[in-house]
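Data block below; observations after.
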Amino acid sequence: MAMALVLALNLFGGSPRDGSASVPVPVSVSIDVRHPGARVPREFLGLSFELSSLPQIARYGGSGDFATMLRSLGAGVLRFGGASADTRVAWTDAATPLPAWASFALKAGDLHRLRKLASESGWRILLTIGLAHYDPRAAAREAAAAKTALGGWLAGIEIGNEPDSYARHNLRAAPWTPARYNAEVSSYRRAIAHVAPGIALAGPGVSGSAAFKRWGPAEATAQRPALLTGHHYPLGCHRLPAPTIAQLLSPRIRRAEDASLRRDLSASRSSATAFRLDETNSVSCGGQPGVSNTFASALWAVDYIARAMHAGVAGVNFQGNPANCRGYTPVCASSTRQLAWDVLRAQPEWYALLLSKGLIGDRPVRAAAPSSANVDVIALLSPRGDLHLVIVDDDPPAAKHATVKLHVGRRFGAATVLSLTAPSPAAATGVRLGGATVGGDGRWHARARPERRPNRAGVITLDVSPGSAILVTVASGGAPSG
């Protein structure tokens, strides 16, 4: 019998944020844990890189701190794709010379080095095989080499990157339709199955939920993939005026993203096929400096990850570039020398992934979102019955704090609080999770004494600062969990 319990969060005060610093924010949130959803999958967390970055990333299996960083997140999926998979990178081997259009070569040795990174980190690989330059035989040789090199670490392949945009980028003549795309995918699959049977297919990896509404069901029907995939960027690089932190952290973006998730998951549920956001980040085209590389991107990422978990998404891969710390990327090298030495550092978004690790295996429960302030609350139930609350306050630092009273009753224990903070949403450095930073060896450890809030007569009181995020764990009776 499902556990029946209704919890209430009361952010007390009296008036909306009107500049009066002495009055906390009044928001009320109710949580109903009686009907928890499906568990967050073990490999939910992921990263995505351009296929042209694969040789560089593959080197990290033999040196550097990247494998250690990946292990700190638990299991996950590394995806390689992006525009370069269709326009710049080509497979080459003894039977496949590098074509004239390609500026990067992918070779068997790269895939063998990638296996070492996979085995050291415990992360599986999702590989995109280019379709724009149609060549089923070369694709079959590439897939066979990937299967040989990666073995069980190969999670699957995608055929083409954002194929819905081929006509716009002059990679196919219009009209370019899902039916034409699926005919070409079928040819690739036949060629691949002839030399390397049993490789799982993921797709269609389209550019957003508007395209997925049309292309996703067509893929599910025509290909019956093991995994449906799509991409998401809340802000576009070409918008005028340029994207800002305020836009990224606005309630309007959250509402649009929730609608986008519903569209993506409609085809997933009707076809009984899991859906993964295998490429996402803050601003398209590599990101916006001053937005994508700031703490604001971590606040957005924490909230988006939790909402994707709550919606039922199978996983999220954050796009990155190890050579560009000014754009969007969870990890990067701070200089060309560091890049050559395989030394990566954690960017603000990496801390969002670390916080989200604590939600793996949880089951979402219903919560009413706050409405009178730019604060979001997502609730999940852990396997042991603890209540997890992700609370993100997207207001600027000058706004008022929110004083939170959790009316949990006497059957629950105290709460532990894991805080994600920085000097301001615009800060590119100084990010801390649990009061600690990621070390030079890639490891992160929260400070020895976590923040604790007692349960006093069934009530736990918290203070939430503007421009911060917290993961609250309310223990299911007795001592709180860490």
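The values are calculated or read from the model by the stated rules, or taken from the named source; none is laboratory data. It should be emphasised that the depicted structure is a prediction, and the values quoted were computed from it without experimental measurement. Counting neighbours? That spans all protein chains shown, and the Cβs are built from the backbone with ideal geometry, glycine included.
From the list 155, 167, 193, 220, which one is surrounded by fewer than 14 Cβ atoms within 10 Å (Cβ to Cβ) and either in a loop (DSSP other than H, G, I, E, B) or not assigned by TED's automatic domain parsing to the domain that holds residue 395 (or both)? Step through it out loud before you land on a result.
Numbers: 155 fails: surrounded by fewer than 14 Cβ atoms within 10 Å (Cβ to Cβ); 167 fails: surrounded by fewer than 14 Cβ atoms within 10 Å (Cβ to Cβ); 220 fails: surrounded by fewer than 14 Cβ atoms within 10 Å (Cβ to Cβ).
None of the others qualify; the one that does is 193.
Let's see how each residue does on (1) surrounded by fewer than 21 Cβ atoms within 10 Å (Cβ to Cβ); (2) within 21 Å of residue 353 (Cβ to Cβ); (3) modelled with pLDDT of 85 or more; (4) among the charged types (D, E, K, R):
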{"residue": "426", "(1), (2), (3), (4)": "yes, yes, yes, no"}
{"residue": "439", "(1), (2), (3), (4)": "yes, yes, yes, no"}
{"residue": "447", "(1), (2), (3), (4)": "yes, yes, no, yes"}
{"residue": "450", "(1), (2), (3), (4)": "yes, yes, no, no"}
{"residue": "455", "(1), (2), (3), (4)": "yes, no, no, no"}
{"residue": "473", "(1), (2), (3), (4)": "no, yes, yes, no"}
{"residue": "478", "(1), (2), (3), (4)": "yes, no, no, no"}
Review point. So which of 128, 148, 229 ends up being polar (S, T, N, Q) and either farther than 24 Å from residue 92 by Cβ or assigned to a loop (DSSP other than H, G, I, E, B) (or both)?
Key: 229
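Determine whether the stretch 176-189 contains at least one residue that is among the β-branched types (Val, Ile, Thr), touching a strand residue (DSSP E or B) at 6+ places or on another chain (Cβ under 6 Å) and either more than 22 Å from residue 138 (Cβ to Cβ) or assigned by TED's automatic domain parsing to the domain that holds residue 157 (or both).
Keep residues of the stretch 176-189 that are among the β-branched types (Val, Ile, Thr), which gives 177, 185.
This time we only want the ones that are touching a strand residue (DSSP E or B) at 6+ places or on another chain (Cβ under 6 Å), so: 185.
Now restrict to residues that are either more than 22 Å from residue 138 (Cβ to Cβ) or assigned by TED's automatic domain parsing to the domain that holds residue 157 (or both): 185.
The answer is yes; a qualifying residue exists.
Could you check, for the stretch 416-423, whether at least one of its residues is more than 21 Å from residue 292 (Cβ to Cβ), modelled with pLDDT under 90 and buried (at least 19 other Cβ atoms within 10 Å of the Cβ)?
As a first pass, look at the stretch 416-423 and keep what is more than 21 Å from residue 292 (Cβ to Cβ): 416-419.
When the remaining residues are screened for being modelled with pLDDT under 90, the result is none.
So far as the stretch 416-423 goes, no, none of its residues is more than 21 Å from residue 292 (Cβ to Cβ), modelled with pLDDT under 90 and buried (at least 19 other Cβ atoms within 10 Å of the Cβ).
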Check your understanding: Among the candidates 204, 197, which residue alone is closer than 16 Å to residue 129 by Cβ and touching a Gly at 6+ places or on another chain (Cβ under 9 Å)?
Key -> 204
Review point. When you go through (1) under 21 Å from residue 443 (Cβ atoms); (2) surrounded by fewer than 22 Cβ atoms within 10 Å (Cβ to Cβ); (3) of a type outside the set (A, V, I, L, M, F, W, C) one by one for residue 36, which number turns out not to apply?
Key: (1)
Check your understanding: For residue 307, all conditions in the list (1) part of a loop (DSSP other than H, G, I, E, B); (2) touching a residue at least 60 places away in the same chain (Cβ under 8 Å) hold save one; what is the number of the exception?
Key -> (1)
Exercise for review: Just one of (1) under 15 Å from the mean Cα position of the chain (by Cα); (2) crowded, with 19+ Cβ neighbours inside 10 Å; (3) more than 21 Å from residue 284 (Cα to Cα) trips up residue 75, so point out which.
Suggested key: (2)
Check your understanding: Residue check: is residue 284 buried (at least 19 other Cβ atoms within 10 Å of the Cβ), assigned by TED's automatic domain parsing to the domain that holds residue 212 and either farther than 20 Å from residue 469 by Cα or free of Cβ contacts under 8 Å to residues at least 12 places away in the same chain (or both)?
Key -> yes
Point to revise | Members of the stretch 48-72 found to be within 15 Å of the chain's Cα centre (by Cα) and either outside the structural domain of residue 149 (by TED's automatic domain parsing) or of a type in the set (Ser, Thr, Tyr) (or both), listed by number | key: 48
Point to revise | the stretch 429-445 residues that are within 18 Å of residue 298 (Cβ to Cβ), paired with ones that are assigned to a strand (DSSP E or B) and of a type in the set (Gly, Ala, Ser) (beta carbon under 6 Å, 6 or more apart) | key: 438/346
Review point. Considering 402, 422, 414, 436, which residue is of a type in the set (A, V, I, L, M), touching a helix residue (DSSP H, G or I) at 6+ places or on another chain (Cβ under 7 Å) and outside the structural domain of residue 282 (by TED's automatic domain parsing)?
Key: 422
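Of all residues in the stretch 319-333 being closer than 20 Å to residue 77 by Cβ and without any contact (Cβ under 8 Å) to a residue 60 or more places away in the chain, which is surrounded by the fewest Cβ atoms within 10 Å (Cβ to Cβ)? Spell out how you get there, then give the answer.
Residues of the stretch 319-333 closer than 20 Å to residue 77 by Cβ: 319-322, 328-332.
Subset that is without any contact (Cβ under 8 Å) to a residue 60 or more places away in the chain: 328-329, 332.
Working: 328: 28, 329: 28, 332: 23.
Once the filter is applied, the top-ranked residue is 332.
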Check your understanding: Residues 301, 210, 274: which one is surrounded by fewer than 24 Cβ atoms within 10 Å (Cβ to Cβ), of a type in the set (Gly, Ala, Ser), in contact with a helix residue (DSSP H, G or I) (Cβ under 8 Å, 6 or more places away or on another chain) and under 19 Å from residue 79 (Cα atoms)?
Key -> 274
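Yes or no, residue by residue, for (1) out of contact with any Ser or Thr (no Cβ under 8 Å at 6 or more places or on another chain); (2) within 22 Å of residue 304 (Cα to Cα):
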| residue | (1), (2) |
| --- | --- |
| 393 | no, yes |
| 451 | no, no |
| 468 | no, yes |
| 477 | yes, no |
